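Notes for the one structure printed next.
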Amino acid sequence: MPPLSKDFKDELRAKANASLQRHYKSLDDEAQNINHDLPSREMLASFTAHLRSSKRILVLIGAGLSASSGIPTYRSAGGFSRTFSDQQLATKGAFEDDPILVWQFYNYRRSQAKAALPNPAHHALAELAAKKPGLLSVNQNVDGLCQRAGHPSEQIINLHGSLFRVRCFDDACDYEEENYNIPIIPQLPVTEPPGVLDSADSRSATSGVSIDELPHCPKCRVNLLRPATVWFGEGLPEAKVNHLNGWLCGGDLETSVDANSAVQDKKVDLMLVIGTSATVWPAAGYIGRARKAGARLAFFNMEAKSAGVSRPEEDEWMFLGDAAELVPKALEGFLDGYGYVD
Ligand SMILES: [Zn+2]
């Protein structure tokens, strides 16, 4: 990772602006093409009947669940992509090179997530989890909205970590804690991060801050604390992956099974795939395993396009449109008059 020189950062801002313009245009284009027809009564009835009889339910959650809560999904016509700034700044190399800039970026992301509110889909899922003790959610979002909607914590794996947790930069030191400080330190105010807006403020915001002022690990007292999210180039946390494997093999979240274990998966009745294109690992892998374990799938997606494992099979369901609208709609037959309906 080369150092982020001023010229490079200026270039980054320009590219990010262009990328955001394309992003908004592609969202506009796509919005014109979305079929907003609500699912038919027959489709809802068959889904509700299967949901009623389902005990072991796997839920895979992606960015589309939080989109109407105001958390950007950075979706482009070619599938999921991140902003230029995200790819540049959400890496270990960027943090080593300029931890103040990276913390400024996370100040902004944390403030966006804190300002967002859980939408009806977050609430409906939390209610479903409470009524189905055999349900497990695998959350790829880091915004904390499922938790704020009251999703039972023992029934969710936050696969990509959380914006509101910090950990020691040194992987060998296992220190990690919750942290809701926005800004992370008072000396580093919340501003638009470089690369999202060409803002002179964002440059001046970091100029008076020294690395010594950033939060340090209270355990080893040597290293900086970093956001406890999975960055580009990092693997998924092994313990979380093993817990997910443990559940697939029939245990609860206390059960941990190594990914290479030969233990057979236990029957899964239903899998909900919400707001993720699910064409890449690990999502695609879990869809394949759930089907093999007997699951019927229900997809909730903005995109009509689907390919490979994320194409619904004959006895499966595809709910097309905004997850915030369709997830509660699909679950209401089971949840019976749950209070999110106006
Ligand atoms: Zn440490």
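If you place +1 on the Cβ of every Lys and Arg, -1 on the Cβ of every Asp and Glu, and leave all else neutral, what size is the dipole of the range 113-178 about its Cα centre, to the nearest 20 Debye?
Working: 6 positive and 9 negative charges, 91 e Å.
Once rounded to the nearest 20, the dipole reads 440 debye.
Give me THR255, THR229 sorted ascending by neighbouring Cβ count inside 10 Å, so fewest comes first. Present the calculation step by step, with values, prior to reporting the outcome.
Numbers: THR255 15, THR229 19.
Starting with the residue having the fewest Cβ neighbours, the order is THR255, THR229.
Starting from the amide H of VAL59, placed 1.01 Å from N in the peptide plane, find each other amide H under 5 Å away whose residue is 5 or more places distant or on another chain.
Here LEU136, SER137, VAL138, LEU272 satisfy the definition.
Output wanted: per-residue J couplings in Hz (rounded whole) for the range 39-52, from phi through Karplus 6.51 cos²θ - 1.76 cosθ + 1.60, θ = phi - 60°, x for Gly and Pro.
With the stated coefficients, the range 39-52 comes to x, 5, 4, 5, 5, 5, 5, 5, 5, 4, 4, 5, 4, 4 Hz.
What ranking of CYS217, CYS173 emerges when the number of other C-beta atoms within 10 Å of each C-beta is taken as an exposure proxy, fewest first?
CYS173, CYS217
Shape of the range 205-256 from its Cα gyration tensor (a ≥ b ≥ c, root eigenvalues): rounded if a/c is under 1.5, otherwise prolate when a/b > b/c, or oblate?
Cα axes put the range 205-256 in the prolate bin.
Counting other C-beta atoms within 10 Å, which of HIS122, HIS243 has the fewest, and how do the rest follow?
Starting with the residue having the fewest Cβ neighbours, the order is HIS243, HIS122.
A short reminder: the numbers here are calculations on the coordinates, not readings from a lab. Since this is a predicted model, take the numbers as computed values, not measurements. Neighbour counts are summed over all protein chains in view; Cβ atoms, including those assigned to glycine, are modelled from backbone coordinates with ideal geometry.
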